[in-house]
Amino acid sequence: MSEWTKHDLLDLQGLSAAEIEMVLETAKSFREVSTRDVKKVPVLRGKTIVMLFFEPSTRTRVSFELAAKRLSADTLNISANSSSLSKGETVLDMAQNIEAMNVDLIITRHSSAGVPKVLSENLQASIVNAGDGCRAHPTQALLDMFTIQEKLGRIKGLKVGIIGDILHSRVARSNIIGLNKMGAEVTVCGPSTLMPIGIEAMGTKVNYDLEEVIQTSDVLMLLRLQKERQKDKFIPSIREYAKIFGINAEKLKHAKKDVLIMHPGPVNRGVELSADVADGKYSVILNQVTNGVAVRMAILYLLLGGKQQ
């Protein structure tokens, strides 16, 4: 493998296919660490990692914190609600004050697109984007690709259907970019009101026929209806959305026998997925969560220049 040269991880546009492969290969060895009795290696001992989350998060925040602690880094969680932002401080001022305490890396999630980029342009510490607005969620896409490769043995040549609220999904955008770079064929499917205009320019097909997408896909990636980001009424009702674009066992009868069912979480059971599908034999949703720790360990290790043991 070639040498890692990136200082930040803001999106997947900035990574080559070889660099994505480097992350996935590095994650393989770190996945083994989490199966040990002592789930810790000293590769980032002495490093300080700050989690600066301005949006609610469970899986991503806990996954990053576990990843940092399993690499023996010191961690600090900062909640926007209890920070100086409530006193009028700007996000950049807050981040610069945190950096002044000699931290090494800041992981940030924000509802506004572009915040991680602004921080990367004004700080010396490494910045990891844990989700910015509807724009990018690079580590989610990386763990999704890791899971696909783990389960199906490859990414190149696979057909991946991404189904749901494409318009508001940073996960969809990052996966389209990453999967394309790794040689997969991506198709997006969902209500026309939740389909971004010109999404084909990103290198994906658009198909509004869910049955056809189910029949032809090796991987079905379901997305949550992001009601918190929807300022207008994009669908007539949740019930109608679930009937047309939700996946249940009956619809899966037409899928390939080894199809993967994926979801970045949290799952709205009975909307995107019926409970029997979410918990069924095709589902790798919990594998995604497990692999998220290994992939985020790999990212932190590569960015902070640790030496693997």
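Observations on the model:
- Of the residues making up the range 15-34, one or more are of a type in the set (V, I, T), within 29 Å of V267 (Cα to Cα) and touching a Gly at 6+ places or on another chain (Cβ under 9 Å).
- Residue in the range 230-251 that is under 25 Å from R154 (Cβ atoms) and either surrounded by fewer than 17 Cβ atoms within 10 Å (Cβ to Cβ) or of a type in the set (S, T, N, Q) (or both) present: no
- Matching entry among S120, S63 (being in a helix (DSSP H, G or I), touching a Lys or Arg at 6+ places or on another chain (Cβ under 6 Å) and small (G, A, S)): S63
- Criterion applied to S120, S111, S174 was being in contact with a His (Cβ under 9 Å, 6 or more places away or on another chain), within 25 Å of V289 (Cα to Cα) and not hydrophobic (A, V, I, L, M, F, W, C), and the one residue passing it is S174.
- Comparison of L286, L273 shows that the only residue that is crowded, with 21+ Cβ neighbours inside 10 Å and either touching a residue at least 12 places away in the same chain (Cβ under 8 Å) or of a type in the set (A, V, I, L, M, F, W, C) (or both) is L273.
- Residue within the range 218-239 that is under 23 Å from the mean Cα position of the chain (by Cα), assigned to a loop (DSSP other than H, G, I, E, B) and at pLDDT 95 or above present: yes
- Some residue of the range 113-121 being in contact with a strand residue (DSSP E or B) (Cβ under 9 Å, 6 or more places away or on another chain) and closer than 30 Å to Y241 by Cα: yes
- Residues (among the acidic types (D, E) and either buried (at least 19 other Cβ atoms within 10 Å of the Cβ) or not in a helix (DSSP H, G or I) (or both)) located in the range 179-209: E185, D209
- Pick from the range 102-148, criterion in contact (Cβ under 8 Å) with a residue 24 or more places away in the chain and of a type in the set (D, E), ranking: nearest to K181 (Cα to Cα): D144
The values are calculated or read from the model by the stated rules, or taken from the named source; none is laboratory data. If you're wondering where the values come from, they're calculated on a predicted model, not measured in any experiment. Cβ coordinates were reconstructed from backbone atoms using ideal geometry, including for glycine residues, and neighbour counts include every protein chain displayed.
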